[in-house]
Amino acid sequence: MLLAEKNEELTFLGSFAENYVAQAFAAKKIPLFYWKNNNQGEVDFVFQEDVNVVPVEVKRGSNTRSRSLTMFAKQYGCPYSMRISQKNFGFENGIKSVPLYAVFCI
């Protein structure tokens, strides 16, 4: 497999994971928004929970590093952020981790 084909495949899987999460939120009638900051960062989804804003980052794999999520939470004073990935449930450094298979639980 050529490197270009591998990159296209990985991009497709990331888009697929984001779409899966968007559909799960839509099924719960959670309005979703997107955030981008002067080409420095972006957050996949942002939703409102009571009076709080919650940024959500979706990762297709287990590499879950996300500077944009941390930047958004710090800039807007979010009580917590959410990361959806292949990792198990957890809460560390103000980030709730939710596995892709359990998005319906949100």
> If you go through the range 67-106, how many residues are assigned to a loop (DSSP other than H, G, I, E, B), polar (S, T, N, Q) and over 14 Å from the mean Cα position of the chain (by Cα)?
Replying inline: 2
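Report, by residue number, each residue of the range 54-66 that is modelled with pLDDT of 85 or more, touching a Gly at 6+ places or on another chain (Cβ under 9 Å) and either assigned to a strand (DSSP E or B) or among the hydroxyl-bearing types (Ser, Thr, Tyr) (or both). Walk me through how you get there before you give the answer.
Pass one, the range 54-66, residues modelled with pLDDT of 85 or more: 54-59.
From what is left, the residues that are touching a Gly at 6+ places or on another chain (Cβ under 9 Å) are 58-59.
Val58 - this is the single residue of the range 54-66 that is modelled with pLDDT of 85 or more, touching a Gly at 6+ places or on another chain (Cβ under 9 Å) and either assigned to a strand (DSSP E or B) or among the hydroxyl-bearing types (Ser, Thr, Tyr) (or both).
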>> Between a residue in the range 81-106 that is under 17 Å from Ala22 (Cβ atoms) and any residue that is of a type in the set (Lys, Arg) and not in a loop (DSSP other than H, G, I, E, B), which pairs come within a Cβ distance under 6 Å, given they are 6 or more apart or on different chains?
In response: Met82/Lys96
> Restricting attention to the range 35-43, does a residue exist that is under 22 Å from Leu13 (Cβ atoms), under 13 Å from the mean Cα position of the chain (by Cα) and in a loop (DSSP other than H, G, I, E, B)?
Replying inline: no
> Taking the range 49-66, which residues are of a type in the set (Lys, Arg) and either surrounded by 11 or more Cβ atoms within 10 Å (Cβ to Cβ) or touching a residue at least 12 places away in the same chain (Cβ under 8 Å) (or both)?
Replying inline: Lys59, Arg60
> Just wondering, is there one or more residues in the range 8-27 that are of a type outside the set (Phe, Trp, Tyr), at pLDDT 90 or above and assigned to a loop (DSSP other than H, G, I, E, B)?
Replying inline: no
> Would it be correct to say that Phe45 is out of contact with any Lys or Arg (no Cβ under 7 Å at 6 or more places or on another chain) and within 17 Å of Lys96 (Cα to Cα)?
Replying inline: yes
> Which condition number does Leu69 fail, the rest of (1) modelled with pLDDT of 90 or more; (2) crowded, with 18+ Cβ neighbours inside 10 Å; (3) among the aliphatic types (A, V, I, L, M) being met?
Replying inline: (1)
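The values are calculated or read from the model by the stated rules, or taken from the named source; none is laboratory data. The model shown is predicted, which means the values in this text are computed figures rather than measured ones. Cβ: placed from backbone, ideal geometry, glycine included. Neighbour counts: every protein chain shown.
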